[in-house]
Amino acid sequence: MKSKALIVTGVVIFFLIVLFPFWYMRGKAAPVPEVELTPKAKAAQKCVRSTEYMKAEHMQLLDVWRDAVVREGKRIYVNPEGKEFNMSLSNTCLDCHSNKAEFCDRCHNYASVRPYCWSCHIENPKEKS
Amino acid sequence: MDSSRRRILRLFGISALALTTRPVLNAFAKEEQTTGAEVVIKEGAKSLKARQWAMVIDTRKFESEADLEPLIEACHKIHNVPALQNKNHEIKWLWGTHYHNAFPGKAARFLAEKVEHRPFLVLCNHCENPPCVRACPTKATWKREADGIVFMDFHRCIGCRFCMAACPFGARSFNYRDPRPFIKETNNKFPTRMKGVVEKCNFCAERLAVGQLPACVEVSNGALAFGDLYDPASEVRELIRTHYTIRRKQILGTEPSVYYIV
Ligand code: SF4
Ligand code: SF4
Ligand code: SF4
């Protein structure tokens, strides 16, 4: 029982350290990023799927595309509206979204994810040609 | 004491059960979403098909390394193959070599002069019994059932190089360095590779998918033929029927799909 004071102090210090970041950053949530669309993306009006779907599921979509193209040799995607797309990150997605820094990166940085798609896929097919 | 412990355990049990219900419900919800939208994934209408793609190389039409250059150039350019000068780091999809390197075991001490000096085009043979596929621990390389192409999934390759050790033809190259700075002119339609993956000729699968023949065949002025090995009416079968052809290291039993007219 003698060490009660010591234990209480220890617990208090522990909580202070753990909670410090929350206190320090209180009310300062990082602003939700605004992504920019290229004129081409704007003109198209609609992506392969709805904006909500793309926001939430684009990584799953790309995963399905990759497996279909690489593993099964199927390269055409027909969306629910019946429109056909070439399932290609380089030639379809990045053709419209050729502004990686203002489009992909803004959200990825906010969400702290670091996809390595661009180690191989060329980021803005137009500019570098 | 005992009864309270039992109560706590029961509480834990119920909580655990409650926690597992959410993902299950979520899964159901998701299924509904995806089945609602009708998405179709299919092959392109123009894609070329075969049971086993094969190539016939008429070596009589190549006299010097310079004759091979346009073919190699065409292949390496569209596939973003880097030009590394260091022999140990070199990346090759298509290249030329001497008869006695291409066909060891078939080279006699003295050879016909024209064969001795002729360069031989070599590439991945898309073997029918590919040892590289058996060696790969991740299925990053495999034989496509639809058309017999021995394909690479660069996403999945872990760079262990077992396939390179297994391939008796040296058809595979490893990226010891980031290849991007060494690509002279980037083809934006095709990805590059990254450090740490293996690459090789893909029989131009991306061109076959849109109805085009391989790039090297296209620029060869008829010296290279491409077609289905199992279609008796195909151009490759016609050439094999009417010419004496040999294959590389046939004795190893990998069943190469590249035939050479000597
Ligand atoms: S040539 Fe080598 S890499 Fe190509 S399929 Fe045969 S064993 Fe595999
Ligand atoms: S280097 Fe890549 S393709 Fe070759 S065996 Fe290893 S994982 Fe498979
Ligand atoms: S078939 Fe295509 S990938 Fe293979 S060597 Fe010829 S051009 Fe290159």
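Kindly indicate whether any position in the range B:189-196 is closer than 25 Å to residue A:63 by Cβ, open to solvent by 20 Å² or more (accessible area, probe 1.4 Å) and in contact with a Leu (Cβ under 9 Å, 6 or more places away or on another chain).
yes
Over 23 Å from residue B:155 (Cβ atoms) and not small (Gly, Ala, Ser): which single residue out of A:35, A:69 fits that description? Even if it seems obvious, please write down each step before you answer.
Details: A:69 fails: over 23 Å from residue B:155 (Cβ atoms).
Only one candidate qualifies: A:35.
Across the range A:84-103, what is the total count of residues that are assigned to a loop (DSSP other than H, G, I, E, B), within 11 Å of another protein chain (Cβ to nearest Cβ) and out of contact with any Pro (no Cβ under 8 Å at 6 or more places or on another chain)?
Number satisfying all stated conditions: 2.
Looking at (1) of a type in the set (A, V, I, L, M); (2) more than 10 Å from ligand 1 (Cβ to nearest atom); (3) away from every other protein chain (no Cβ under 14 Å); (4) in contact with a Ser or Thr (Cβ under 9 Å, 6 or more places away or on another chain), find the lone condition where residue B:108 falls short.
In the conditions (1) of a type in the set (A, V, I, L, M); (2) more than 10 Å from ligand 1 (Cβ to nearest atom); (3) away from every other protein chain (no Cβ under 14 Å); (4) in contact with a Ser or Thr (Cβ under 9 Å, 6 or more places away or on another chain), residue B:108 misses (4) alone.
Hey, among the residues in the range B:191-221 that are assigned to a helix (DSSP H, G or I) and at the interface with another protein chain (Cβ under 10 Å from one of its Cβ atoms), which one's nearest to ligand 1 (Cβ to nearest atom)? Steps first, answer last, please.
Narrowing the range B:191-221 to residues assigned to a helix (DSSP H, G or I): B:205-208, B:215-218.
Now drop any that are not at the interface with another protein chain (Cβ under 10 Å from one of its Cβ atoms), which leaves B:205-206, B:208.
Details: B:205: 13, B:206: 17, B:208: 17 Å.
For the range B:191-221, the residue satisfying everything is B:205.
Sort through A:106, A:71, A:75 and tell me the only one that's at the interface with another protein chain (Cβ under 9 Å from one of its Cβ atoms), in contact (Cβ under 8 Å) with a residue 12 or more places away in the chain and basic (Lys, Arg).
A:75 is the lone residue from the list that is at the interface with another protein chain (Cβ under 9 Å from one of its Cβ atoms), in contact (Cβ under 8 Å) with a residue 12 or more places away in the chain and basic (Lys, Arg).
Counting just the residues of the range A:22-43 that are at pLDDT below 90 and part of a helix (DSSP H, G or I), which one comes out farthest from residue A:96 (Cα to Cα)?
A:23
How many residues does the range B:153-190 contain that are within 16 Å of the chain's Cα centre (by Cα) and facing another protein chain (nearest Cβ under 9 Å)?
Total meeting the criteria: 5.
State which residue is farthest from ligand 1 (Cβ to nearest atom) when the search covers only the range B:222-233 and only residues that are touching a residue at least 60 places away in the same chain (Cβ under 8 Å) and of a type in the set (Gly, Ala, Ser).
Top of the filtered list is B:222.
The values are calculated or read from the model by the stated rules, or taken from the named source; none is laboratory data. These figures come from a predicted structure and were not determined experimentally. No Cβ is skipped: glycine too gets one built from the backbone with ideal geometry, and neighbour counts run over all protein chains shown. Just so you know, the surface numbers come from the protein's heavy atoms only, side chains and all, with ligands and any DNA or RNA stripped out. Shrake-Rupley method; radii C 1.70, N 1.55, O 1.52, S 1.80 Å.
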